[in-house]
Amino acid sequence: MQTILGANGQIGEELARELKRNFTADIRIVSRNAKKVNDSDTVFSADLSIREQAIEAVKGSEIAYFTLGLPISADLWEKQFPVIMRNVIDACKINGTKLVFFDNTYMYPQDDRILNELTPFAPVGKKGKVRKAMAEMVLKEIESGALNAVICRAPEFYGPGKTQSITNTLVFNNIKTGKKIKVPLSDTKKRSLIWTPDASRATALIGNTPDAFRQTWHLPVDQSYPTYNEFIKLAADVYQKELKHSIMPKFLFKIGALFNKRIKELLELLPRYEHQNLFDDTKFRNRFPDFEVTTYRQGIQQIKQEQLSLKK
């Protein structure tokens, strides 16, 4: 059996579908209010911040995927993520379960350097420090030999369905509602965005490749690295209409943060929009050369089709 911890977000749902398509129908869905993704899934509702529930959630699993997300609150992250990570690690060790940790890039330096699996951690802000601590917990267990685990790391998302990201919010949600697109800080810096179904497909593939364990993998992205200006021009071509955008300067975010808690929580992520954000997935591409990465044009076309179908 393969178990998805935090399974009812976009990544977890896509992961469940991919596991069923290509690897196993014996899937357990775990979240606070677990719901089936595939008809054949079993569900287990659990609070993973409670150690006993985490152990029970993982019991009987060959592989457990940690895809759990929390609301974007530094205080909540500091209180809950380290506890949940510790419980999941202990649950996997107790049950002899392999762990696949789906990670983000918050712990990386936010500057112009190309990011690869050897990039040293240099977090900016509280949330980055939490993600650094979580990754280091897993790496320590791998190095000690106490846990058979693998880290799958993804940059900022864009995608269909319930994908949550700055790009989905400021670009595609505004296209959908006919509003002017907003771009944070700069539209001339090259960006790395991962198509959420690709992130889940690649995570399932790594999780079912035994020799991929005990290391970190950057998940695959379209390597054309468009600027937001280029990305929006591509979207305009796909949507067959003019798409105007404006750049939101830093001072607007700072003013907004005084009145909006969510904007305040985004402030520590802003440096990544001042610089190039180049995510190197060479290691993955060399190991899995047959994996087909969704191009930005293909991804935008799928988002457009989904938006059109929802209008009907």
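Please treat every number below as a calculation from the coordinates, not as lab data. This structure is a prediction, so every number in the text was calculated from the model and none was measured. Positions of Cβ are generated from backbone atoms using ideal geometry, with glycine treated the same way; all protein chains shown enter the neighbour counts.
Remarks
- C-alpha center-to-center spacing [region 246-273, region 1-22] in angstrom: 32 Å
- Compared with the alpha-carbon gap, the fully stretched path from Gln307 to Glu136 is longer by 57.6 nm at 0.36 nm per residue.
- Per-selection metrics, region 174-312 (Cα): Rg and Dmax in Å: 17.5, 49
- Where labels lie 7 Å past Cα in the beta-carbon direction, separation of Phe288 and Asn116 in nm: 1.9 nm
- With distances taken between every two different alpha-carbon atoms, region 1-123 has a Kirkwood hydrodynamic radius of 15.2 Å.
- The relative contact order of region 135-260, computed from alpha carbon pairs under 8 Å that lie at least 6 residues apart in sequence, is 32 percent.
- Percent of alpha-carbon pairs separated by more than 18 Å within region 208-290: 65 percent
- Computed on the Cα atoms alone, the convex hull of region 82-232 gives a volume of 130 cubic angstrom per residue.
- Pair-distance distribution P(r) for region 252-295, from all Cα-Cα distances in 5 Å bins starting at 0: 5, 17, 16, 12, 9, 10, 12, 10, 7, 2 percent.
- Where GluC sites (Glu not before Pro) fall in DSSP loop in region 213-312, at most 13 other Cβ within 10 Å: Glu242, Glu292
- Entries of Lys180/Lys254; Lys233/Lys304; Lys140/Lys261; Lys98/Lys126; Lys35/Lys261; Lys59/Lys98 with Cα pairs more than 23 Å apart: Lys140/Lys261; Lys98/Lys126; Lys35/Lys261
- Mean separation of Cα contacts under 8 Å (6+ apart) over length of region 1-148, as relative contact order %: 20 percent
- Loop GluC sites (Glu not before Pro), region 117-215 (other Cβ atoms within 10 Å of the site Cβ: 16 or fewer; DSSP): Glu117
- Equivalent-ellipsoid semi-axes for the chain (Cα gyration tensor, √(5λ), whole Å, largest first): 31, 22, 19.
- Net length gained if the chain between Lys261 and Ser45 were fully extended (0.36 nm per residue, minus Cα distance): 74.8 nm
- Size of region 73-166 as Cα extents on the principal axes (Å, biggest first): 39, 30, 27
- Residues of region 204-241 with amide N under 14 Å of the 7 Å Cα→Cβ point at Glu143: 215-216
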